[in-house]
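Worksheet: the structure to be examined is printed underneath.
The values are calculated or read from the model by the stated rules, or taken from the named source; none is laboratory data. Just so it is clear, the structure is predicted and the values come from calculations on it, not from any experiment. FYI the Cβ positions are ideal-geometry reconstructions off the backbone, even for glycines, and counts take in every protein chain you see. Calculation scope for accessible area: heavy atoms of the full protein, side chains included, ligands and nucleic acids excluded. Shrake-Rupley method; radii C 1.70, N 1.55, O 1.52, S 1.80 Å.
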Amino acid sequence: MAKASKLSEVARLAGVAPITASRAIRGTGYVSDAARERIMAAAAQLNYTPDMLARRMRGDKSKLIGVFMNNYGPVVLHELVRAIGEQARKRDYDLLLFNADRFDSPDRMPTCATLSKLCDGLLLLMPTADDRFLDAVERQQLNCALVFFDARQLALPTIVLENRIGARRAVEHLIGLGHRRIAFIAGTKRTGQSAERERGYTEALAAAGIAVDPALVVDGAFNQPGGFAATRRLLDLEAPPTAIFAANDEMAFGAIDAVASRGLKVPADVSVVGFDDISTASHVFPRLTTMHQPYEALAERAVHEVVEMIEGRPPAAARIAFDTELVVRDSTGPAPT
């Protein structure tokens, strides 16, 4: 059977008025059980599906939350999207995922605009600081919340980690083990998270009376190959570090591999700490010491903020920060003597 193009065909087959068929399919207003059963059977027979965009233009809810990502590569996003999906389903919403390298690319803006009209609300995961799409979302006062964005202030709910505080705790852990030559592998600057973690790194060193050595701060691009290359550069220094704090777990994995590639051992020769506590952090060798972030709580709050706005309530807060917890495993130990 060809797809029905009009609701009127469903109504005719079910023997009801079009407005009754519309109410049954939209789930609004009174429709008798018998009529609803005939309407849904007719819709199934005719393979009818409502035009979601048309419904949104009429003011109906699509029961969709759009999840926009600038790059689905980082494993931390996989963990977070899974948790967001679970929380959305608890509230009877589905997710629509859209991935792009940059939202503000001219050819992406029309797509983003269409998707924002289709969805009841939006979650932007790790947007870049210079995205024009952020400005448009803020200006149009869309039902939107940001996750993992610490680059600039917006008049939108922003769910973040206490990146600076968490990084400081990670470095304090290394200092407590006797390390003084502690390196930092930075990620990209686009979301502001790496910069905050670097601030925590420098604060911990300063509090311990340790001067920051610029040679010990290197870029790793938030990925495992970047962490590997950065660590090789650190190990080539005349005075290499005895400990490395990487701004995420994937770079920490690369650091562990790089240490092993030089015939050294973690943590006997070099201790390594990550950030995020992704699921594989406890399955690498040695198991990674890292800062755990509460994925479920982050996801629950992000979905809560969006649904609150969808239901007509103003956002409760502009910046909502979650603490992280140090998880000590096998990749850190006393500084070598």
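Using the basic label-point model (7 angstrom from Cα toward the beta carbon), what is the V217 to R89 distance in nanometres?
Result for the modelled spin labels: 4.4 nm.
Anyone know which of A302, A145, A268 comes out most mobile in the 10 Å Cα GNM of the chain?
Judging by the Gaussian network model, the answer is A268.
Helix-only mean residue ellipticity at 222 nm, the chain, DSSP H runs n ≥ 4 weighted -39,500 (n - 2.57), per residue, nearest 500. What is it?
After summing the helix terms and dividing by residue count, I get -13000 deg cm²/dmol.
Give me the number: length gained by fully extending A316 to H78, i.e. 0.36 nm times residue separation minus the C-alpha to C-alpha distance, one decimal in nm.
Details: separation 238, 0.36 × 238 = 85.68 nm, distance 2.67 nm.
Contour length minus the Cα-Cα distance gives 83.0 nm.
Go ahead and run the numbers for FRET between D135 and K6, Cβ-Cβ distance against an R0 of 35 Å, rounding to 0.05. List each step's numbers first, then the result.
Working: r = 39 Å, r/R0 = 1.13.
Working from the Cβ atoms, E equals 0.35.
Under a 1.4 Å probe, what is the accessible area of the chain per residue, stated in Å²?
Each residue of the chain exposes 45 Å² on average to a 1.4 Å probe.
Between D33, D257, D276, find the one with the highest GNM mean-square fluctuation for the chain; connect C-alpha pairs within less than 10 Å.
Looking only at D33, D257, D276, the biggest GNM fluctuation is shown by D33.
Can you pull the one-decimal nm distance between simple spin-label points at A155 and Q45, each 7 Å off the Cα toward Cβ?
5.3 nm
Work out from phi, with θ = phi - 60° and the Karplus expression 6.51 cos²θ - 1.76 cosθ + 1.60, the ³J(HN,Hα) of each residue of the range 225-240, listed in order in whole Hz, and give x for Gly and Pro.
x, x, x, 5, 5, 4, 5, 4, 5, 5, 6, 7, 5, 4, 10, x
How charged is the neighbourhood of L96? Take every other residue with its Cβ under 11 Å from the Cβ of L96, and add Lys/Arg as +1 and Asp/Glu as -1.
Once all neighbours under 11 Å are counted, the net charge is -1.
Out of residues 5 or more away from I320 or on other chains, whose amide H comes under 5 Å of its own, with H placed 1.01 Å from N in the peptide plane?
Excluding prolines and chain starts, which carry no amide H, the hits are T158, I159, V160.
Give me the dipole magnitude in Debye, nearest 20, for the range 163-293 about the Cα centre, with unit charges on the beta carbon: positive for Lys and Arg, negative for Asp and Glu.
With Lys and Arg at +1 and Asp and Glu at -1, about 100 debye.
Of the accessible area of the range 163-293, with the probe set at 1.4 angstrom, what percent is carbon plus sulfur?
Here carbon and sulfur together make up 54 percent of the probe-accessible area.
Select from G15, G166, L80 the residue farthest towards the positive end of the dipole of the chain; place +1 on Cβ of Lys and Arg, -1 on Cβ of Asp and Glu, and compute about the Cα centre.
Checked the options; the winner is G15.
Could you give the nm distance between label points at V327 and S261, where each point is 7 Å from its Cα heading toward the beta carbon?
The modelled label-to-label distance comes out at 2.6 nm.
Can you give the charge dipole size of the chain about its Cα centre, rounded to the nearest 20 debye, using +1 on the beta carbon of Lys and Arg and -1 on the beta carbon of Asp and Glu?
In total the dipole reaches around 1080 debye.
Rounded to the nearest 0.05, what FRET efficiency is calculated for L96 and E296 with R0 set to 22 Å and r the Cβ-Cβ distance?
That gives a FRET efficiency of 0.55.
Of the residues A260, A11, A155, which exhibits the maximal mean-square fluctuation in a Gaussian network model of the chain defined by a 10 Å Cα contact cut-off?
A11
Quick query: amide H of T289 versus all other amide H atoms, modeled in the peptide plane; which residues come in under 5 Å with a sequence gap of 5 or more or a different chain?
Close amide H contacts, sequence-distant or interchain: G274, R329, D330, S331, T332.
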